[in-house]
């Protein structure tokens with residue numbers, strides 16, 4: 001099988017999130033970048049399918065030249081090829097991103113290698129959480145699409161079975177291939193990259209293509225960090241002297257009623 005796994009370069013943030021002074025981006029000077037967890041699971045799923053059925057995995061991302069680092073991380077996990085849709089740093093929305101990915105898939109289909117049998121995405125990006133790109137890519141290519149998948153079974157290059165949970169009910173989809181599938185974190189446990197995998201990824205050649213930037217009807221105006229709730233600790237007392245205050249507090253909280 002020929003599988004395309006699409007990933008996104010997102011800020012690696014932990015703890016307090018800081019926004020740049022212009023309010024347009026997350027300040028990553030003290031953190032860096034990584035790949036969304038859902039998309040890392042998509043790459044692992046693709047690698048596992050190819051190991052079982054044969055074929056190859058191409059990992060794709062749209063972003064600046066520095067996004068090649070994230071592609072190499074995914075190559076170390078088992079992807080065989082990498083494609084960077086290199087941008088000039090301007091913000092790409094979900095509509096333009098989906099169009100660029102769809103065009104890349106069409107170019108592949110028109111070449112000697114043929115098209116992809118499966119396009120895997122993370123269910124949503126860790127930074128914007130748009131939930132749009134997989135559906136838009138499927139629509140542009142005229143392919144069936146299922147989202148939020150937690151189990152994917154593929155025994156042949158022509159059909160797949162996908163499962164997801166929705167409001168406590170398991171939904172099962174039988175879909176013909178090629179198709180677009182977005183997976184959720186937890187569908188698998190991504191492997192830890194081996195030393196040979198890291199060395200191979202370091203030497204790998206990353207294909208590059210510069211898509212034309214497209215303006216969208218929606219535009220980001222400003223990022224704001226929500227005001228956090230202040231937490232205070234109050235010492236009620238020590239030993240048996242704290243018992244009356246503790247009883248009053250429990251009564252106020254309705255625990256004793």
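The values are calculated or read from the model by the stated rules, or taken from the named source; none is laboratory data. Because the structure is a prediction, the values reported are computed rather than measured. Using ideal geometry, Cβ is built from the backbone for each residue, glycine included, and neighbour counts are taken over all protein chains shown.
A few comments on the model shown:
- Per this entry, residue 174 is not counted among residues that are within 24 Å of residue 125 (Cα to Cα) and exposed (fewer than 13 other Cβ atoms within 10 Å of the Cβ).
- Cβ-Cβ under 6 Å pairs, at least 6 apart or on other chains, region 48-62 side in contact (Cβ under 8 Å) with a residue 40 or more places away in the chain and at positive phi, far side part of a loop (DSSP other than H, G, I, E, B) and surrounded by 17 or more Cβ atoms within 10 Å (Cβ to Cβ): 55/1
- Considering (1) touching a residue at least 24 places away in the same chain (Cβ under 8 Å); (2) more than 22 Å from residue 102 (Cβ to Cβ), the lone condition that residue 35 does not fulfil carries the number (2).
- Residue check, residue 53 over 21 Å from residue 210 (Cβ atoms), under 17 Å from the mean Cα position of the chain (by Cα) and modelled with pLDDT under 95: no
- The single condition among (1) touching a residue at least 24 places away in the same chain (Cβ under 8 Å); (2) under 30 Å from residue 90 (Cα atoms); (3) surrounded by fewer than 18 Cβ atoms within 10 Å (Cβ to Cβ) that residue 203 does not meet is (1).
- Those residues of region 209-218 which are under 22 Å from the mean Cα position of the chain (by Cα) and either loosely packed, with under 12 Cβ neighbours inside 10 Å or part of a strand (DSSP E or B) (or both), in sequence order: 209, 210, 218
- Some residue of region 125-133 being under 22 Å from residue 35 (Cα atoms) and surrounded by 24 or more Cβ atoms within 10 Å (Cβ to Cβ): yes
- Residue among 149, 154 that alone is closer than 16 Å to residue 40 by Cα and buried (at least 19 other Cβ atoms within 10 Å of the Cβ): 149
- Residue 154 meets all of the listed conditions (1) over 25 Å from residue 70 (Cβ atoms); (2) in contact with a helix residue (DSSP H, G or I) (Cβ under 9 Å, 6 or more places away or on another chain); (3) free of Cβ contacts under 8 Å to residues at least 60 places away in the same chain but one, namely (3).
- In region 134-208, counting only strands (runs of 3 or more DSSP E) that sit wholly within it, the ones holding 2 or more residues that are under 19 Å from residue 55 (Cβ atoms) and out of contact with any strand residue (DSSP E or B) (no Cβ under 7 Å at 6 or more places or on another chain) span 151-156.
- Pairing residues of region 163-188 that are at positive phi with residues that are surrounded by 16 or more Cβ atoms within 10 Å (Cβ to Cβ) and in a strand (DSSP E or B), at Cβ distances under 9 Å and at least 6 apart in sequence or on separate chains, gives no pairs at all.
- Hey, residue 232 loosely packed, with under 10 Cβ neighbours inside 10 Å, within 30 Å of residue 19 (Cα to Cα) and touching a residue at least 24 places away in the same chain (Cβ under 8 Å) or not: no
- Selection count where residues are outside any helix (DSSP H, G or I) and more than 22 Å from the chain's Cα centre (by Cα), scope region 107-132: 5
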